[in-house]
Amino acid sequence: MEAVCRGIQGAFGNPARGSHQASLGALRELGMARRALARLFNCTPLEVAFCHNATLALNMAITGALTSSDRVLTTPHSHNSMLRPLYQLSKQGMGLDILPLKPGQPTTISDIRRGLKPDTTALAVNPMSNVTGEVLPLRDIISLCNERGLLLILDMAQWAGTRPIPALPEGLRALMAFTGHKSLYGPQGTGGLINIGTVPLRPLISGGTGSQSFSKEHPESFPAVCEAGTPNLPGIMGLVAAVTWLIEADLEQVNEKLTSLRSQLKTGLAQIPGISCYDTLREEHGPVLALNIRDLLSGSVSDALDREFGIATRSGAHCAPLMHEALGTVAQGAVRFSFSVFNTPGEINKALDALKKLASSA
């Protein structure tokens, strides 16, 4: 919050749009922001582009890197931010394959290998489900794409900030979308795209960049290809403050705390009759957990949790239709609990007490 206020109250101009101190100061802040995100994503500063959220970043990656001659494999874990641009391209002739999902069974690297076809050119993956929290074998996925020469498109909206990013081998071509407002603890309206291996992109939005102003074409160099118009400098400064704090907090320790909170809730749920918990056999999960109480609509449960107990959850389909089709929860939806490093074991106990009361009266 203090960093955002500094961005608003400070004498900052538009970066790369002048040689005066206000513009140069903004350019320095943007450079520091790229360095901070580069530390988090194991990349170089010029492989970081900023935009408003992961949705925009995924559209930049998918529509900018893929054509009708490509063939893409994705999984039911994908969010609509990834699925809808893929569907759009598939209508234009691009091949699209979706890996089958067995409820309760983790998706393995063997499953993904079997899903590849001889003409597959790209793998588009959400490595951490925003519904169940299932963590896909990202290290193995990275190795597979590097081995097969596949373009890897990653939706890191759930992953970033919950655990370290795996090492990225030389030769990998990958586009990673991230958002600031989830587990990076940054402001809404911040996010970006990481470009590993200098993947060529066509611009999604054309406009001013502060460079190549006499060209009739938008610059194709990264990150300028993704950064048309004035950036949200105060928001980016807030994101940098949050990311710097996270790095200093140590992502391994952050992951341990989040895992402990989720495990506490899951263990307690097993003692409450009438609650269905949507989980997999995989030991590793991200900091979300989805459940239902008997046949109650998820929206009704979330509403009761909020009104009667002051507990905020997300109900419905979570913009992940294929996951809910696989879980059989299309009509009912699911109640999702999400955890942050600021939650406490005492809050988990309060949530369990609330769910016990709601389940006993259902």
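Things worth noting here:
- Contacts under 6 angstrom Cβ, first residue in region 81-105 being over 18 Å from Gln158 (Cβ atoms), partner open to solvent by 40 Å² or more (accessible area, probe 1.4 Å) and assigned to a loop (DSSP other than H, G, I, E, B), 6 or more apart: Gln92/Ser68; Gly93/Ser68; Met94/Ser68
- One residue from Gly333, Gly268, Gly346 being in contact with a Leu (Cβ under 6 Å, 6 or more places away or on another chain) and either assigned to a loop (DSSP other than H, G, I, E, B) or modelled with pLDDT of 95 or more (or both): Gly268
- Qualifying residue in region 253-273 (condition: open to solvent by 20 Å² or more (accessible area, probe 1.4 Å) and farther than 30 Å from Ala334 by Cβ): no
- Residues located in region 99-122, provided they are at pLDDT below 95 and within 21 Å of Leu86 (Cα to Cα): Pro100, Leu101, Thr107
- The requirement of being without any contact (Cβ under 8 Å) to a residue 24 or more places away in the chain and buried (at least 19 other Cβ atoms within 10 Å of the Cβ) is fulfilled somewhere in region 294-316, by at least one residue.
- Within region 20-42, residues that are part of a loop (DSSP other than H, G, I, E, B) sit with their Cβ atoms under 6 Å from residues that are at pLDDT 90 or above, at 6+ positions apart or across chains, in these pairs: Asn42/Ile165; Asn42/Leu168.
- Residues of region 42-52 include none that is open to solvent by less than 60 Å² (accessible area, probe 1.4 Å) and either among the hydroxyl-bearing types (Ser, Thr, Tyr) or over 30 Å from Ser143 (Cβ atoms) (or both).
- Looking across region 280-293, the residues that are surrounded by fewer than 19 Cβ atoms within 10 Å (Cβ to Cβ) and touching a residue at least 60 places away in the same chain (Cβ under 8 Å) come down to Leu281, Arg282, Glu284.
- Residue check, Ala157 crowded, with 24+ Cβ neighbours inside 10 Å and not in a strand (DSSP E or B): yes
The values are calculated or read from the model by the stated rules, or taken from the named source; none is laboratory data. None of these values were measured; they are calculated from a predicted model. Every residue, glycine as well, gets a Cβ built from its backbone with ideal geometry; the counts of neighbours run over all protein chains shown. Keep in mind that these areas ignore ligands, DNA and RNA; they rest on the heavy atoms of the full protein, side chains included. Shrake-Rupley method; radii C 1.70, N 1.55, O 1.52, S 1.80 Å.
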